[in-house]
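Novice: Have a look at this one before I ask anything.
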Amino acid sequence: MTADALTAPELTTGDLPAVVLDLDLAEPLPAVPATGTDGRRVLRAWVLVRLFSEPLGTVLTGVPETGLAPAQLAAAIDAELATTLAPRLADLGLSALPVDGITTAAEPAFLARRREVLADAPPITVVVCTRERPGALARCLDSLLTQDYPDFKILVVDNAPVTGATAEVVGSAARRGPVSYLKEPRAGLSFARNAAQAAAAGEIIAWIDDDEYADPNWLAEIARALAEHPEADVVSGVIVPAELETQAQLWFEQFGGHSKGRGFRPDVFSPATAHIQSPLYPLPPFGTGANMTFRPGVIERVGGWDTALGAGTPAMGSEDTLAFTQVLVGGGTIVYQPTAITHHYHRRDVEGLRKQMIGYGAGLTAAYTSLLLKRPGLLWPLLKLAPGALRDLTSKDSLRVSTLQEDFPRELLGANRRGMLAGPRAYLKGRRAARAKLRGSR
């Protein structure tokens, strides 16, 4: 995300920080009114820009008091994405971005390739791990059941339920499509992930969180990545905001959201790229657990999901980070496929964001703790990378803070650092708790 193409007014109580738009340049560009449907003043427009369904990038632009006219929106898109747009427009015989849509007599190459992939699509199992969030789960399942993909099924893992709400949602969804239910009584996201892994052994597994919804072509674009990269062990996609209705949500996007440093350029991380991008630090922009797909046997190869990490543990997260890192240090390949999109509902309140920042910090150093306990030989390579990590924590121009605006509360960065300091101890505490749960289930 970049600075506003048009300056937005200062946020006041009752304003809408940003309206989220998903626009395809093949269609006429809309006007963006200055007043939202709920009557609030719209300060910005956050735009996911596509061309014939292919995502090209995002734009954040201010919305004037008179609203944002289609020509102004086109100018903001062109200013931010000119380098990406220019060759695509030239292929269509255009020198500038039109506001009234783009037509072509030929099938765009992007759509033609997707159609080829769908003709020989592999079966995919989609897993949603959840706990007592029936409304969010129903929304997520609705998006999955409308996927434009010929061969998939959905497994919902109900983690340590206290009510029957999740089972009811799954039962309703199962009447409309291939949705099944699995209960994992031991609390913790990694326990739920391991239960799903056992239930879907030998299958391609795509993971999505319950507080997201999937793009209609999410699975198709995962399949495209698998087809174009037969060496890929893991495919990760991009996660964009579903809404930016509160200041906390906008601050989270400033910090980088779920796609920090990734953008919309496909990438591959493997032993061949280790001299360019260390698999240890800074962590490669390989994605997150809210949008990831593993080929059969990959998770088993790295020892399963670490049950001392993830939501529901003292470390609060990073079971995905550890798994990605283990794949890379073990000689595997991760493909970043930004056309595989999910939409995430960020935490709406500042306190929730503060806890998330603490969790990100704790989870990161907890994952490193786990990695070192599993592979002590990595201690020296990590120590050599430590000075760079320290500079990134303190430098004003590091990737960690380069996207932050002046209004971003620096206390949130402090919360993130406090989490980092607490991570190793949190991991050890979580490991003892996980072992107790395993003993209790025997």
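The values are calculated or read from the model by the stated rules, or taken from the named source; none is laboratory data. Quick caveat: nothing in here was measured; it's all calculated off a predicted structure. Heads up, the Cβs are rebuilt from the backbone with ideal geometry, glycines too, and the neighbour counts pull from every protein chain shown.
Novice: Among the residues of the stretch 15-36, count how many are in contact with an Asp or Glu (Cβ under 7 Å, 6 or more places away or on another chain) and within 12 Å of GLU65 (Cα to Cα).
Specialist: 1
Novice: Inspect the stretch 26-35 for any residue being in contact with a helix residue (DSSP H, G or I) (Cβ under 6 Å, 6 or more places away or on another chain) and either surrounded by 20 or more Cβ atoms within 10 Å (Cβ to Cβ) or at pLDDT below 95 (or both) and give the result as yes or no.
Specialist: Within the stretch 26-35, one or more residues are in contact with a helix residue (DSSP H, G or I) (Cβ under 6 Å, 6 or more places away or on another chain) and either surrounded by 20 or more Cβ atoms within 10 Å (Cβ to Cβ) or at pLDDT below 95 (or both).
Novice: Tell me the residue from PHE110, PHE152, PHE191 that is of a type in the set (A, V, I, L, M, F, W, C), touching a residue at least 24 places away in the same chain (Cβ under 8 Å) and more than 15 Å from TRP218 (Cα to Cα), please.
Specialist: None of the others qualify; the one that does is PHE191.
Novice: Which residue, of LEU371, LEU393, LEU328, is at pLDDT 95 or above, over 30 Å from GLU54 (Cα atoms) and assigned by TED's automatic domain parsing to the domain that holds VAL240?
Specialist: LEU371
Novice: Can you tell me which residue in the stretch 351-409 is surrounded by the fewest Cβ atoms within 10 Å (Cβ to Cβ), limited to those that are over 20 Å from the mean Cα position of the chain (by Cα) and among the small types (Gly, Ala, Ser)?
Specialist: Here the residue is GLY377.
Novice: Is there a residue being in contact (Cβ under 8 Å) with a residue 24 or more places away in the chain and touching a Ser or Thr at 6+ places or on another chain (Cβ under 9 Å) anywhere in the stretch 375-387?
Specialist: There is at least one residue in the stretch 375-387 that is in contact (Cβ under 8 Å) with a residue 24 or more places away in the chain and touching a Ser or Thr at 6+ places or on another chain (Cβ under 9 Å).
Novice: From the list TYR149, TYR213, pick out the single residue that is in a loop (DSSP other than H, G, I, E, B), of a type in the set (Ser, Thr, Tyr), over 26 Å from ALA315 (Cβ atoms) and in the same structural domain as VAL298 (by TED's automatic domain parsing).
Specialist: Just a single option satisfies the conditions, and that option is TYR149.
Novice: Next question, about the same structure. Of the residues that make up the stretch 191-204, is at least one at negative phi, part of a helix (DSSP H, G or I), in contact with an Asp or Glu (Cβ under 6 Å, 6 or more places away or on another chain) and surrounded by 23 or more Cβ atoms within 10 Å (Cβ to Cβ)?
Specialist: yes
Novice: Could you say whether any residue in the stretch 124-145 is part of a loop (DSSP other than H, G, I, E, B), out of contact with any strand residue (DSSP E or B) (no Cβ under 6 Å at 6 or more places or on another chain) and in the same structural domain as ALA200 (by TED's automatic domain parsing)?
Specialist: Yes; the residues of the stretch 124-145 include at least one that is part of a loop (DSSP other than H, G, I, E, B), out of contact with any strand residue (DSSP E or B) (no Cβ under 6 Å at 6 or more places or on another chain) and in the same structural domain as ALA200 (by TED's automatic domain parsing).
Listed here are the residues, each with its yes/no results for (1) among the charged types (D, E, K, R); (2) over 25 Å from ARG431 (Cβ atoms).
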site	(1), (2)
GLY171	no, yes
PRO178	no, yes
ASN194	no, no
ASN217	no, yes
GLU221	yes, yes
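Novice: Give the stretch 303-326 a look and list any residue that's crowded, with 24+ Cβ neighbours inside 10 Å, hydrophobic (A, V, I, L, M, F, W, C) and out of contact with any Ser or Thr (no Cβ under 7 Å at 6 or more places or on another chain), or say none.
Specialist: ALA315, MET316, ALA323, PHE324
Novice: Is the stretch 89-105 home to any residue that is under 13 Å from VAL47 (Cα atoms), aliphatic (A, V, I, L, M), without any contact (Cβ under 8 Å) to a residue 60 or more places away in the chain and assigned to a helix (DSSP H, G or I)?
Specialist: Within the stretch 89-105, not a single residue is under 13 Å from VAL47 (Cα atoms), aliphatic (A, V, I, L, M), without any contact (Cβ under 8 Å) to a residue 60 or more places away in the chain and assigned to a helix (DSSP H, G or I).
Novice: Test LEU111 against the criterion of being assigned by TED's automatic domain parsing to the domain that holds ILE204 and either assigned to a loop (DSSP other than H, G, I, E, B) or of a type in the set (A, V, I, L, M) (or both), and give yes or no.
Specialist: Judged against the criteria, LEU111 is not a match.
Novice: While we're on this one: On the given criteria, is ILE341 out of contact with any His (no Cβ under 6 Å at 6 or more places or on another chain), under 29 Å from VAL268 (Cβ atoms), in the same structural domain as PRO279 (by TED's automatic domain parsing) and crowded, with 18+ Cβ neighbours inside 10 Å?
Specialist: Here the answer is yes, as ILE341 does meet what is asked.
Novice: Still on this structure, I have one more. Among the residues that make up the stretch 394-410, is at least one of them closer than 20 Å to GLY256 by Cβ and part of a helix (DSSP H, G or I)?
Specialist: yes
Novice: Have a look at GLY39, GLY57 and point out the one that is assigned to a strand (DSSP E or B) and among the small types (Gly, Ala, Ser).
Specialist: Just a single option satisfies the conditions, and that option is GLY57.
Novice: Tell me whether the stretch 229-244 contains one or more residues that are more than 15 Å from the chain's Cα centre (by Cα) and either in a helix (DSSP H, G or I) or at pLDDT below 95 (or both).
Specialist: no
Novice: Okay, moving on. So, VAL162, is that one outside any strand (DSSP E or B), farther than 22 Å from LYS437 by Cβ and among the hydrophobic types (A, V, I, L, M, F, W, C) or not?
Specialist: Against the criterion (outside any strand (DSSP E or B), farther than 22 Å from LYS437 by Cβ and among the hydrophobic types (A, V, I, L, M, F, W, C)), VAL162 does not qualify.
Novice: Right, another one. Name the one entry in LEU60, LEU68 that is touching a residue at least 12 places away in the same chain (Cβ under 8 Å), under 28 Å from LEU111 (Cβ atoms) and surrounded by 15 or more Cβ atoms within 10 Å (Cβ to Cβ).
Specialist: LEU60
Novice: Kindly list the number of the only condition in (1) assigned to a strand (DSSP E or B); (2) of a type outside the set (A, V, I, L, M); (3) at pLDDT below 95 that fails for ARG50.
Specialist: Condition (3) is where ARG50 drops out.
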